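Here's the structure, in structure tokens; my notes come after.
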Amino acid sequence: MPQTARDPRFVILGLVLLTTLFSACTTTIIESGAAAAVLPQISVERFLQAANSRDLHGMGRIFGTTDGDYMETRRREDVEIQMEAISSILQHQDYRIVREEMVAGRSAPATRIYVTLTVENKVISSVPFVVVQTNDGRWLVEQVDLAMVMAGR
């Protein structure tokens with residue numbers, strides 16, 4: 001091994017160069033396949049958890065359109081009133097995602113997630129939640145069939 005490789009200055013210079021090289025590296029996550037399909041389901045699960053805990057602001061950050069979530073695009077007071085109403089209907093003991101399908105004819109990606117809810121010890125099968133992808137790539141709950149939940153109670 002050459003003498004310069006053992007020189008502490010050479011080792012420090014090498015570490016500085018390696019640190020600079022690694023700090024310039026970035027990781028890009030490409031959503032495809034099974035991983036991308038899970039994201040709409042996670043949004044529905046988070047929305048149901050927020051509804052059960054009456055986290056109105058959390059619900060408002062998961063509910064919206066392709067333009068963005070309601071906390072960003074609506075008045076806070078209006079969001080709180082709407083999320084309170086939705087939360088009172090969606091209070092549940094348990095839920096299970098049973099299936100999903102793409103929503104055809106939309107300008108942005110949208111998925112319909114069917115959820116079986118246990119509400120007041122009654123099972124309400126296949127409640128549809130429509131989840132849309134925003135312009136910045138997030139998945140938000142856009143629609144919930146609340147009438148179906150209320151009819152099943």
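Would it be correct to say that residue 142 is at pLDDT below 95 and of a type in the set (Asp, Glu)?
Here the answer is no, as residue 142 does not meet what is asked.
Is there any pair with a first residue in region 117-141 that is more than 15 Å from residue 60 (Cβ to Cβ) and a second that is assigned to a strand (DSSP E or B) and among the small types (Gly, Ala, Ser) whose Cβ atoms are under 9 Å apart and which are 6 or more apart or on different chains, and what are they?
117/125; 130/110; 131/110; 132/64; 132/110; 133/110; 135/68; 136/68
For region 96-109, what are the residues that are without any contact (Cβ under 8 Å) to a residue 60 or more places away in the chain and either part of a strand (DSSP E or B) or surrounded by 15 or more Cβ atoms within 10 Å (Cβ to Cβ) (or both)?
Across region 96-109, the qualifying residues are 96, 97, 98, 99, 101, 102, 103, 109.
Just checking, does region 130-150 include any residue being aliphatic (A, V, I, L, M), assigned to a loop (DSSP other than H, G, I, E, B) and surrounded by fewer than 19 Cβ atoms within 10 Å (Cβ to Cβ)?
Looking through region 130-150, none of the residues is aliphatic (A, V, I, L, M), assigned to a loop (DSSP other than H, G, I, E, B) and surrounded by fewer than 19 Cβ atoms within 10 Å (Cβ to Cβ).
When you go through (1) at pLDDT below 95; (2) more than 22 Å from residue 131 (Cβ to Cβ); (3) in a helix (DSSP H, G or I) one by one for residue 38, which number turns out not to apply?
If we test residue 38 against (1) at pLDDT below 95; (2) more than 22 Å from residue 131 (Cβ to Cβ); (3) in a helix (DSSP H, G or I), just (2) comes out false.
Just need a number here: residues in region 72-124 that are farther than 17 Å from residue 44 by Cα, aliphatic (A, V, I, L, M) and in contact with a helix residue (DSSP H, G or I) (Cβ under 8 Å, 6 or more places away or on another chain).
1
What's the number of the only condition in (1) within 13 Å of residue 40 (Cβ to Cβ); (2) touching a strand residue (DSSP E or B) at 6+ places or on another chain (Cβ under 6 Å); (3) not β-branched (Val, Ile, Thr) that residue 137 fails to meet?
Failing condition for residue 137: (2).
Of all residues in region 43-95, which are of a type in the set (Ser, Thr, Tyr), within 21 Å of residue 119 (Cα to Cα) and either over 16 Å from the mean Cα position of the chain (by Cα) or assigned to a loop (DSSP other than H, G, I, E, B) (or both)?
Of everything in region 43-95, those that are of a type in the set (Ser, Thr, Tyr), within 21 Å of residue 119 (Cα to Cα) and either over 16 Å from the mean Cα position of the chain (by Cα) or assigned to a loop (DSSP other than H, G, I, E, B) (or both) turn out to be 53, 87, 88, 95.
The values are calculated or read from the model by the stated rules, or taken from the named source; none is laboratory data. Predicted, not measured: the structure shown is a model, and the values here were computed from it. No Cβ is skipped: glycine too gets one built from the backbone with ideal geometry, and neighbour counts run over all protein chains shown.
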